[in-house]
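Novice: My questions will all concern the structure given below.
The values are calculated or read from the model by the stated rules, or taken from the named source; none is laboratory data. These numbers come from a predicted model, not from an experiment. Positions of Cβ are generated from backbone atoms using ideal geometry, with glycine treated the same way; all protein chains shown enter the neighbour counts. In case anyone asks, the SASA skips ligands and DNA or RNA and just uses the protein heavy atoms, side chains included. Shrake-Rupley method; radii C 1.70, N 1.55, O 1.52, S 1.80 Å.
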Amino acid sequence: MDQEVFLDRLHGCVSAKQVFKLLASMEIMSDTEAALALQRIAVLEHDQTGLKNPEAVLENDVFKALCFQFEHDSQKLTDAGLVTALHACTQLYVDPWSTLMVRLVSESQERLDRGPMAIKNLCILGEALLALEGPGCGMLKQVMDQVQEQGVEEWSPEDVTMVYNMLQAGVSESGQYQDLLNTLNSFTISIASKLNPKSISHILNALVVLNQTQAIPLVISLCKHSVRHVPHFSDEELVLLLGAFMHFGQSDRYFIEALERYVPKSTFTMNPEAVSKVMQYCSRRQILSRPIFDSVAQSFVYRADNLSTSQIARQIMPFGKLNYLPPNAGGLFRRVEGILRDRFSQFQPRTLLNLLHSCTLIERFPVNFVAKVFSPYFLQQLEAQGTGLDRIVLAQLTQLFMTVKLECPFYEGPKLHSKYRVKSFQTPGRSLESPVDGHLYNRVKTGLIDLLGARIYFASRVLTPYCYTLDVEIKLDEEGYVLPATHHEEVYKRIAVCIDGQKRFCANSHHFLGKEAIKKRHLKLLGYEVVQIPFYEFEKLHDRSDTVEYLHKKIFPHSYRLSW
């Protein structure tokens, strides 16, 4: 059989049984083909706990015959056949002290001593030695010495990818071989256009695992060259790709456009994990892509029963975070409610809280589940998980409680105990409120002083009794006159001026994030008059006169402006 035909048939096998059947039908095969067959079996039989059915593989007659052949003909094997067989045996957990393994390792040592092996074979051998003895293996150092002696300029894209994979597998622990990585990172930029989808995704994943934070130029280059490959990435490769882009904070307009062309046509057939990763990426980078969100909302309604609780949360939470209701919002959230009703206990407490909280951001109130969330049992579970009741968890609980109180007056279930409530939604790092943009605030502050006549007539960064922080608060008496900020009596109206910088909006848009939408909603319900000063309006103002005129129309649209 022609080798290409054999490899096609081998990769078409979906079980070890099919591989054994293919091998049994072969009259003649090369050692490399036999070794690749063992490797395919290892891939098919692996799961999170190890081999699915070790006895069915290790006791199979065809497998035993192959092992016997490798054991007795180890000296006749090609380099590729030798190292591939050794690697496959480590993945199949063959006894490392068996005669087969001892002979394969011994022969590999002899080949290393003889002189340089090809990069591809060195990488396969390196990964096998890592699996056998770990990064302290003496032979592994010899492998790495040979790798470093060969100039990277001569390596093919496949060679480069395999070196990254080997370093990622554990060879480069504790920052070892960083000089090699630096050289490799620089060289890979020059061949980025020649890399296939598999290589791009694997190299990016290696950069994440190896924490190559200084390799941003390479990440940007790989992002640029991944655009044309978007329809050709496998689901597993797309997951690695998006995970790396999230890790390095990378987004690109052309890449997003490519996703928008591909994902809507594929959501019903893509692996659920790939769909979840796409949504997670959009959420993390604050990219509101209506084509992607709409298609995911449609597929969710039909595929939700096959999703894990983590996948459910990652597909739904971005709608709340980015403040978007798809056209089928009614059906989508009825589906979510049904899942929560049937699978409530399956969710990790923190995942469940994140999901319910995100729903409230877009006025989808989980009233039927709030009583369970506020129960002592659930709060104890929440405290026992991960970082426990940290500040962000307490802030979410508090905002959930406030939402029910303000927007669901018919709710009569248990309340959140006061000891679980925070006094401010602003927390370092991740926060339920975006802090005011300092530069924009200073410009607005100058305009307000010109408008009101003095700094005493408004307060800045005011923490309200309702946990929200106001960028600017202006107090009016019953006749509409502005009161000094320190005045606490005879306050008839409070104006909350929201100075909305770019970070309060979805990326490259004028669409508010969910946490900003709920804040403005709650402030209005609490009696504040909310005035929004968005950055894209304020940036158009040319001078102080324009600024004062703009602020007057915004804050006092129905009153005549006095000149000071």
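Novice: As an exercise: evaluate GLY330 against (1) modelled with pLDDT of 95 or more; (2) touching a Cys at 6+ places or on another chain (Cβ under 9 Å) and give the number of the one condition it does not meet.
Specialist: (2)
Novice: With respect to ASN306, is the statement that it is touching a residue at least 12 places away in the same chain (Cβ under 8 Å) and at positive phi true?
Specialist: Judged against the criteria, ASN306 is not a match.
Novice: In addition: Within segment 56-139, considering only helices (runs of 4 or more DSSP H) that don't extend past its boundaries, which have at least 3 residues that are polar (S, T, N, Q) and more than 22 Å from LEU22 (Cβ to Cβ)?
Specialist: 99-114
Novice: Of the residues that sit in segment 133-158 and are under 30 Å from the mean Cα position of the chain (by Cα) and either basic (Lys, Arg) or open to solvent by 30 Å² or more (accessible area, probe 1.4 Å) (or both), which one is nearest to SER190 (Cα to Cα)?
Specialist: PRO157
Novice: I'd like to check which helices (runs of 4 or more DSSP H) are fully inside segment 365-467 and have at least 3 residues that are in contact with a helix residue (DSSP H, G or I) (Cβ under 8 Å, 6 or more places away or on another chain), within 26 Å of THR547 (Cα to Cα) and not hydrophobic (A, V, I, L, M, F, W, C).
Specialist: 438-452
Novice: While we're looking at this one, here's another question. Determine which single condition LEU240 fails, assuming it passes every other condition in (1) surrounded by fewer than 19 Cβ atoms within 10 Å (Cβ to Cβ); (2) of a type outside the set (Asp, Glu); (3) assigned to a helix (DSSP H, G or I).
Specialist: Against the list (1) surrounded by fewer than 19 Cβ atoms within 10 Å (Cβ to Cβ); (2) of a type outside the set (Asp, Glu); (3) assigned to a helix (DSSP H, G or I), LEU240 comes up short only on (1).
Novice: If I ask for residues that are outside any helix (DSSP H, G or I) and crowded, with 18+ Cβ neighbours inside 10 Å, which ones from segment 338-357 would you list?
Specialist: Correct list: PHE347 only.
Novice: Mind listing just one residue for me: the one in segment 71-99 that is without any contact (Cβ under 8 Å) to a residue 40 or more places away in the chain and β-branched (Val, Ile, Thr) and, of those, surrounded by the fewest Cβ atoms within 10 Å (Cβ to Cβ)?
Specialist: Restricting to residues being without any contact (Cβ under 8 Å) to a residue 40 or more places away in the chain and β-branched (Val, Ile, Thr), the top hit is THR99.
Novice: Let me ask you something else. With respect to ILE533, is the statement that it is over 27 Å from ASN354 (Cβ atoms), of a type in the set (A, V, I, L, M, F, W, C) and over 40 Å from the mean Cα position of the chain (by Cα) true?
Specialist: When the stated conditions are applied, ILE533 does not pass them.
Novice: Pick out the one residue from THR446, THR469, THR486 that is at pLDDT 95 or above, polar (S, T, N, Q) and farther than 25 Å from THR360 by Cα.
Specialist: Only one candidate passes the filter, namely THR446.
Novice: Can I ask one more? In segment 38-70, what residues are of a type in the set (Val, Ile, Thr), within 20 Å of HIS11 (Cα to Cα) and open to solvent by 30 Å² or more (accessible area, probe 1.4 Å)?
Specialist: VAL43, VAL62, listed by residue number.
Novice: Still on this structure: Identify the residue in segment 496-548 that is crowded, with 20+ Cβ neighbours inside 10 Å and among the β-branched types (Val, Ile, Thr) and, among all such residues, is modelled with the lowest pLDDT.
Specialist: The qualifying residue modelled with the lowest pLDDT is VAL548.
Novice: Among the numbered criteria (1) among the aliphatic types (A, V, I, L, M); (2) crowded, with 20+ Cβ neighbours inside 10 Å; (3) out of contact with any Ser or Thr (no Cβ under 9 Å at 6 or more places or on another chain), which single criterion is violated by LEU222?
Specialist: Among (1) among the aliphatic types (A, V, I, L, M); (2) crowded, with 20+ Cβ neighbours inside 10 Å; (3) out of contact with any Ser or Thr (no Cβ under 9 Å at 6 or more places or on another chain), LEU222 violates only (3).
Novice: Just a yes or no: is a residue in segment 1-11 of a type in the set (Phe, Trp, Tyr) and within 23 Å of LEU100 (Cα to Cα)?
Specialist: Checking segment 1-11: not a single residue is of a type in the set (Phe, Trp, Tyr) and within 23 Å of LEU100 (Cα to Cα).
Novice: A further question follows. Those residues that are at pLDDT 85 or above, open to solvent by 20 Å² or more (accessible area, probe 1.4 Å) and of a type in the set (D, E, K, R), I need them from segment 21-37; list them, please.
Specialist: LYS21, ASP31
Novice: Return the total of residues in segment 166-206 being under 22 Å from the mean Cα position of the chain (by Cα) and either among the basic types (Lys, Arg) or open to solvent by less than 40 Å² (accessible area, probe 1.4 Å) (or both).
Specialist: Residues flagged as under 22 Å from the mean Cα position of the chain (by Cα) and either among the basic types (Lys, Arg) or open to solvent by less than 40 Å² (accessible area, probe 1.4 Å) (or both) within segment 166-206 amount to 9.
Novice: Ok, one more. List the residue pairs whose Cβ atoms are under 9 Å apart, where the first residue sits in segment 367-385 and is closer than 13 Å to LEU352 by Cα, the second is among the acidic types (Asp, Glu) and open to solvent by 30 Å² or more (accessible area, probe 1.4 Å), and the two are 6 or more positions apart or on different chains.
Specialist: PHE369/GLU337
Novice: Something else about it: If we scan segment 544-562, do we find a residue that is more than 26 Å from PHE401 (Cβ to Cβ), in contact with a His (Cβ under 6 Å, 6 or more places away or on another chain) and not aliphatic (A, V, I, L, M)?
Specialist: Yes; the residues of segment 544-562 include at least one that is more than 26 Å from PHE401 (Cβ to Cβ), in contact with a His (Cβ under 6 Å, 6 or more places away or on another chain) and not aliphatic (A, V, I, L, M).
Novice: Out of the residues in segment 454-495 that are β-branched (Val, Ile, Thr) and open to solvent by 70 Å² or more (accessible area, probe 1.4 Å), state the one that is nearest to SER559 (Cα to Cα).
Specialist: ILE456
Novice: So ILE189 fits all but one of (1) at pLDDT 95 or above; (2) β-branched (Val, Ile, Thr); (3) out of contact with any helix residue (DSSP H, G or I) (no Cβ under 7 Å at 6 or more places or on another chain); what number is the exception?
Specialist: Among (1) at pLDDT 95 or above; (2) β-branched (Val, Ile, Thr); (3) out of contact with any helix residue (DSSP H, G or I) (no Cβ under 7 Å at 6 or more places or on another chain), ILE189 violates only (3).
Novice: Please go through segment 220-241 and pick out each residue that is over 16 Å from the mean Cα position of the chain (by Cα) and not basic (Lys, Arg).
Specialist: ILE220, SER221, LEU222, HIS225, SER226, VAL227, HIS229, VAL230, PRO231, HIS232, PHE233, SER234 - these are the residues of segment 220-241 that are over 16 Å from the mean Cα position of the chain (by Cα) and not basic (Lys, Arg).
Novice: Please find, within segment 100-132, the residue that is most open to solvent (accessible area, probe 1.4 Å) out of those that are in contact with an Asp or Glu (Cβ under 6 Å, 6 or more places away or on another chain) and over 22 Å from VAL147 (Cα atoms).
Specialist: ARG103
Novice: Also, quick follow-up: Scan segment 372-385 and tell me whether some residue there is under 14 Å from ALA313 (Cβ atoms) and among the charged types (D, E, K, R).
Specialist: No, segment 372-385 has no match at all.
Novice: Inside segment 251-282, can you point out the residues that are buried (at least 20 other Cβ atoms within 10 Å of the Cβ) and among the polar types (S, T, N, Q)?
Specialist: If the condition is that a residue be buried (at least 20 other Cβ atoms within 10 Å of the Cβ) and among the polar types (S, T, N, Q), then THR267, SER276, GLN280 are the ones that fit.
Novice: Right, next: Being surrounded by fewer than 19 Cβ atoms within 10 Å (Cβ to Cβ) and among the hydroxyl-bearing types (Ser, Thr, Tyr) is the filter here; which residues of segment 371-415 pass it?
Specialist: SER375, TYR377, THR387, TYR411
Novice: Could you please let me know if GLN311 is of a type in the set (S, T, N, Q), buried (at least 20 other Cβ atoms within 10 Å of the Cβ) and in contact with a Phe, Trp or Tyr (Cβ under 6 Å, 6 or more places away or on another chain)?
Specialist: For GLN311, the condition - of a type in the set (S, T, N, Q), buried (at least 20 other Cβ atoms within 10 Å of the Cβ) and in contact with a Phe, Trp or Tyr (Cβ under 6 Å, 6 or more places away or on another chain) - is not met.
Novice: Would you mind stating whether LEU448 is in contact (Cβ under 8 Å) with a residue 12 or more places away in the chain and under 26 Å from the mean Cα position of the chain (by Cα)?
Specialist: When the stated conditions are applied, LEU448 does not pass them.
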